[in-house]
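The values are calculated or read from the model by the stated rules, or taken from the named source; none is laboratory data. Quick caveat, the model's predicted, so the values are computed rather than measured. Glycine gets a Cβ as well: all are built from the backbone with ideal geometry, and neighbour counts include every protein chain shown.
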Amino acid sequence: MAFHPDFQTNGYFFVNYTNSGGTSVIARYRATSATTASSNTEQIVLTVSQPYSNHNAGQLAFSPRDGYLYIGFGDGGSGGDPGNRSQNGRQLLGKMLRIDVDSGDPYGIPADNPFTNNGSVRDEIWAIGVRNPWRFSFDPETHDLYIGDVGQNAWEEIDFQPADSNGGENYEWKVREGNHSYSSGTSYGAGERTGAIYEYRHSGAGSGCSLTGGVVYRGCKMPDLQGVYFFADYCTNWVRTLRVRGGVAQEIVNQTTGLNRGIPGNLSQISSFGLDG
């Protein structure tokens, strides 16, 4: 769910859900009071048919830099992207989208989207080649974009887009999983080939199996952690941080022990991070 930047005025919020027919739906609702909203206010913004039942869910968020709505769609599911949807520019699956919900009917295309007027790539597409970007976030201070992309059999990855990017990155799935060859017979689609800034294995020391993308800390209670990105692994329950400098991930630190201290039991099956407003 994502609140419109002018939510306090217009009451709009946006939801990404999969309906009973297996179609992903981006819908707008309006709050009818401080604590309630009616399903009768639903306006369908965008629908995408899903070929399989996994990789359907996806993050959506408004950029603090440009105010547009960004949507992460997985590759359509099954395993190994059998339809090669992530590299197909005519498919919205396996992509990061960027749309203007304040113009058009039901939405507009920002004039500076990277593939506008490209006959082989949909205008909505902001970046190509993701597998399951079910958690992404913007740094509230720098406006850099961090994408947690769940891997297939061997590697989990974090993709990064600096705030001054013009879009058009190709994060390489399914040609590559993380920064390693996955399907050498697959051709790249459009966009600038862009490797992961961080990856970890599914086996060995420090491994995991399902990345949960997180958030950049900009609070005041932990000054040493200012500007670090928190992320986790859903399967193995660890939490790590990294800091990006010059587009490079540095200072990888395991924060699990400190976060577990004082918690009844331990952190487990971490599915999301949030910012304390």
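So that you can scan it fast, the table gives a plain yes or no per residue for (1) modelled with pLDDT under 95; (2) of a type outside the set (G, A, S); (3) surrounded by 24 or more Cβ atoms within 10 Å (Cβ to Cβ):
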| position | (1), (2), (3) |
| --- | --- |
| N117 | yes, yes, no |
| R122 | no, yes, no |
| W126 | no, yes, yes |
| E141 | no, yes, no |
| D144 | no, yes, no |
| I147 | no, yes, yes |
- [ ] Considering only segment 214-242, state which residues are β-branched (V, I, T), surrounded by 18 or more Cβ atoms within 10 Å (Cβ to Cβ), in a loop (DSSP other than H, G, I, E, B) and over 17 Å from the mean Cα position of the chain (by Cα).
- [x] V228
- [ ] Give segment 189-217 a look and list any residue that's in contact (Cβ under 8 Å) with a residue 40 or more places away in the chain and of a type in the set (A, V, I, L, M), or say none.
- [x] A190, A196, I197, L211, V215, V216
Open item on the list: For segment 1-8, check the following and say yes or no: at least one residue is within 17 Å of the chain's Cα centre (by Cα) and in a strand (DSSP E or B).
Closed with: yes
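Restricting attention to segment 116-133, which residues are over 27 Å from W155 (Cβ atoms) and touching a Gly at 6+ places or on another chain (Cβ under 7 Å)?
Selection gives S120, R122.
Condition check ((1) of a type outside the set (K, R); (2) touching a strand residue (DSSP E or B) at 6+ places or on another chain (Cβ under 9 Å)) across all residues:
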site	(1), (2)
Q161	yes, yes
R176	no, yes
H202	yes, yes
L211	yes, yes
R218	no, no
- [ ] Search segment 160-180 for residues that are farther than 19 Å from P114 by Cβ and pair each with any residue that is buried (at least 22 other Cβ atoms within 10 Å of the Cβ) when their beta-carbon atoms are under 6 Å apart and the residues are at least 6 apart or on different chains.
- [x] K174/D81; K174/S86; E177/G151; G178/E157; G178/A196; N179/A196
TODO: Output the strands (runs of 3 or more DSSP E) that fall wholly within segment 73-146 and possess 1 or more residues being among the basic types (K, R) and under 19 Å from the mean Cα position of the chain (by Cα), or say none.
DONE: 95-99, 135-138
Open item on the list: Looking for something surrounded by fewer than 20 Cβ atoms within 10 Å (Cβ to Cβ), in a strand (DSSP E or B) and among the polar types (S, T, N, Q) - is there at least one such residue anywhere in segment 17-26?
Closed with: yes
Open item on the list: Need the failing condition index for E169 against (1) in contact with a Ser or Thr (Cβ under 8 Å, 6 or more places away or on another chain); (2) more than 23 Å from R98 (Cβ to Cβ), just the number.
Closed with: (2)
Task: Matching residues, segment 161-182, being crowded, with 21+ Cβ neighbours inside 10 Å, in a strand (DSSP E or B) and either of a type in the set (S, T, Y) or more than 17 Å from the chain's Cα centre (by Cα) (or both) - done: R176
